[in-house]
Amino acid sequence: MAVAKQGVCRKIDENGKGWVEGVSFDNVLPLEEIKFDPNTKKILQRVVDAPTRIRPVCPYFSQCGSCQFLHWEYDAQLEWKTDQVRHHFKSITKIPVKDCLGTDRQFGYRSKNILTFKADGKNAIAGYYAAGTHALFDVKSCDVTHPKAIEIFTTLKQLVNSFRVEIYDENRKKGLLRHALIRVAESTGEILVVLVVAHSDFKGRKNFVASLIKRHPEITSVIENTNSRSTSIVLGNQERTLYGKGYIVDRLGDYTFKISARSFYQVHPTQTEILYQNALDAAQLRKTDVLLDAYSGVGTIGIYASKRVKEVICVESNPDATEDARNNGKHNQVSNARFICADASQWLLDTSTSSAKIDVVVMDPPREGSDKNFLFALRKLRPRTIVYISCNPETQARDVKELLTIYDIQSIQPVDMFPQTSHIECIVLLQRR
Ligand code: SAH
């Protein structure tokens, strides 16, 4: 038998794991001392607790893995997030990283969530996969998810069982119901439920939806999404509206936004406005500016900024999101915005060879960051200001480094969009020299 090892946690990595003597652990905090088995990598005893440790409220904390920090005081989470950003930027700038902007709304914020169904004997369960596994566990509560969504998930499970809806079996690739996605637009009270099915032969759909609406008249739309592929991607390409208008509308500041099932939309209702306001204030927009909103989703940032500039160009590769963005422009009577469905890099490359002028770029790419072509075209177009918003400071720092040949970093501002988790959002302001 291996001799137990003992050590102090010096670091929490980007996945929220604590490192002790070269081994990573869940549920260990900085300066905590633990005894562990070096073979099984299991914690045998926590010898010294961190003063910032708290008791997690969620019963699934030890298995779930979606919220890495439920056992950590919120202020300490924020400090860690600021530190992570510092770590990624320290080799490229001396500009101090500002403190991560936190929120009072640390729970019940997630406006979108997805549960996966699985047959469990005669009944269905619906939940998440345990961290690092493909084992699904039933979820009855989720502290970060909007409470209304949890109520509806609970009803859905009951109805699935009482209607004997056939659950999809991943191994046999047979059955019907795979997932449910719920989106809540808190500002308007609209709620979208998406039932993801493996084929379009959902016989009892009419009665099922009628019962759901009877139990939750607050639901404004129900969509059936067909996904017959056996990948981990939740939504398929085929959609049919079973109830309501098929999308929801949310309000941000003076604007309303149409959000359909497959479009990206920020999940923290109050922090979204903080993020956008900070990003746009940093940009110091002028009435004469042409603003590019690259990776624009449903056009939120561009539309939000439209009053402050001469012209807005939103570029987004997802056709559904672009269509939403276009409608959002019309609907909000924004007459100075164009919405382009294209790969942002290709579009920017093409634009950089034309005589077009862009004064300010707000870019908000996915986790993988931007790419060489986009950054090359940016350096060629030389906008006065670039505001880079990212949910991954590592790829953000990598990309920003490429721009430092002609840009200076003016500020680095992390914003907490995902309390209780190790996810970090960050705004970097760059000014042309
Ligand atoms: N700025 C928006 C969306 C950010 S999420 C908001 O705050 O809501 C990133 C967006 O980039 C997604 O909508 C995704 O569909 C889009 N995207 C991903 N790769 C892209 C590419 N190569 N070109 C253009 N858009 C892309």
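List the residue pairs whose Cβ atoms are under 7 Å apart, where the first residue sits in segment 202-218 and is of a type in the set (Asp, Glu), the second is outside any loop (DSSP other than H, G, I, E, B), and the two are 6 or more positions apart or on different chains.
Glu218/Ile191
Any residue in segment 239-247 that is farther than 23 Å from Ile125 by Cβ and either surrounded by 22 or more Cβ atoms within 10 Å (Cβ to Cβ) or in the same structural domain as Glu323 (by TED's automatic domain parsing) (or both)?
yes
Under 9 Å by Cβ, and 6 or more places apart or on different chains, what pairs join a residue from segment 152-166 that is among the acidic types (Asp, Glu) with one that is outside any loop (DSSP other than H, G, I, E, B)?
Glu166/Ala119; Glu166/Lys174; Glu166/Leu177
Report, by residue number, each residue of segment 366-376 that is within 14 Å of the ligand (Cβ to nearest atom) and either surrounded by fewer than 23 Cβ atoms within 10 Å (Cβ to Cβ) or outside the structural domain of His87 (by TED's automatic domain parsing) (or both).
Pro366, Arg367, Glu368, Gly369, Asp371, Lys372, Asn373, Leu375
Identify all residues within segment 168-209 that are touching an Asp or Glu at 6+ places or on another chain (Cβ under 9 Å), in a strand (DSSP E or B) and not basic (Lys, Arg); write none if there are none.
Leu177, Val184, Ala185, Glu190, Ile191, Val194, Leu195, Val196, Val197
Got a number for residues in segment 166-225 being surrounded by fewer than 21 Cβ atoms within 10 Å (Cβ to Cβ) and touching a Pro at 6+ places or on another chain (Cβ under 9 Å)?
2
For segment 283-306, give me the residue count where each residue is part of a helix (DSSP H, G or I) and more than 7 Å from the ligand (Cβ to nearest atom).
The number of residues fulfilling the criteria is 6.
If you go through segment 307-343, how many residues are in a helix (DSSP H, G or I), among the small types (Gly, Ala, Ser) and surrounded by 24 or more Cβ atoms within 10 Å (Cβ to Cβ)?
Selection size over segment 307-343: 2.
Please tell me if Val97 is free of Cβ contacts under 8 Å to residues at least 24 places away in the same chain and either assigned by TED's automatic domain parsing to the domain that holds Leu192 or under 28 Å from Cys426 (Cβ atoms) (or both).
No, not satisfied.
Where residues in segment 385-433 are among the aliphatic types (A, V, I, L, M) and part of a helix (DSSP H, G or I), which of them is nearest to Val144 (Cα to Cα)?
Ala397
Which condition number does Tyr243 fail, the rest of (1) touching a helix residue (DSSP H, G or I) at 6+ places or on another chain (Cβ under 6 Å); (2) under 20 Å from Gln266 (Cα atoms) being met?
Of everything listed in (1) touching a helix residue (DSSP H, G or I) at 6+ places or on another chain (Cβ under 6 Å); (2) under 20 Å from Gln266 (Cα atoms), Tyr243 misses just condition (2).
If Gln63 passes every condition in (1) without any contact (Cβ under 8 Å) to a residue 60 or more places away in the chain; (2) within 28 Å of Ala2 (Cα to Cα) but one, which one does it miss?
(1)
I'd like the full set of residues that are in contact with a helix residue (DSSP H, G or I) (Cβ under 7 Å, 6 or more places away or on another chain), near the ligand (Cβ under 10 Å from one of its atoms) and closer than 26 Å to Leu195 by Cα, limited to segment 258-280.
Scanning segment 258-280 gives Ile259, Arg262, Ser263, Phe264, Gln266.
Let's see how each residue does on (1) crowded, with 20+ Cβ neighbours inside 10 Å; (2) away from the ligand (no atom under 15 Å from the Cβ); (3) closer than 20 Å to Lys17 by Cα:
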| site | (1), (2), (3) |
| --- | --- |
| Ile389 | yes, no, no |
| Thr395 | no, no, yes |
| Leu404 | no, yes, no |
| Ser411 | no, yes, no |
| Phe418 | yes, no, yes |
| Leu430 | yes, yes, no |
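Quick test of your reading of the structure: Cys64 fulfils all but one of (1) at pLDDT 95 or above; (2) under 28 Å from Thr116 (Cβ atoms). Name the failing condition by number.
(1) is the only condition that Cys64 fails.
Which of the strands (runs of 3 or more DSSP E) found entirely inside segment 210-266 contain at least 3 residues meeting this: of a type in the set (A, V, I, L, M, F, W, C)?
Here the list reads 248-252.
Taking interchain pairs and intrachain pairs at least six residues apart, which have beta carbon atoms under 9 angstrom, with the first residue in segment 364-382 and at positive phi and the second within 12 Å of the ligand (Cβ to nearest atom) and assigned to a loop (DSSP other than H, G, I, E, B)?
Between residues of segment 364-382 that are at positive phi and residues that are within 12 Å of the ligand (Cβ to nearest atom) and assigned to a loop (DSSP other than H, G, I, E, B), the close pairs are Gly369/Asn392.
Go through the residues of segment 351-363 one by one and say whether even a single one is part of a helix (DSSP H, G or I) and either more than 9 Å from the ligand (Cβ to nearest atom) or out of contact with any His (no Cβ under 8 Å at 6 or more places or on another chain) (or both).
Among the residues of segment 351-363, at least one is part of a helix (DSSP H, G or I) and either more than 9 Å from the ligand (Cβ to nearest atom) or out of contact with any His (no Cβ under 8 Å at 6 or more places or on another chain) (or both), which makes the answer yes.
Could you tell me whether Arg382 is among the basic types (Lys, Arg) and either under 18 Å from Ala305 (Cβ atoms) or touching a Lys or Arg at 6+ places or on another chain (Cβ under 7 Å) (or both)?
yes
The values are calculated or read from the model by the stated rules, or taken from the named source; none is laboratory data. The structure displayed is predicted, hence computed values, not measured ones. Cβ coordinates were reconstructed from backbone atoms using ideal geometry, including for glycine residues, and neighbour counts include every protein chain displayed.
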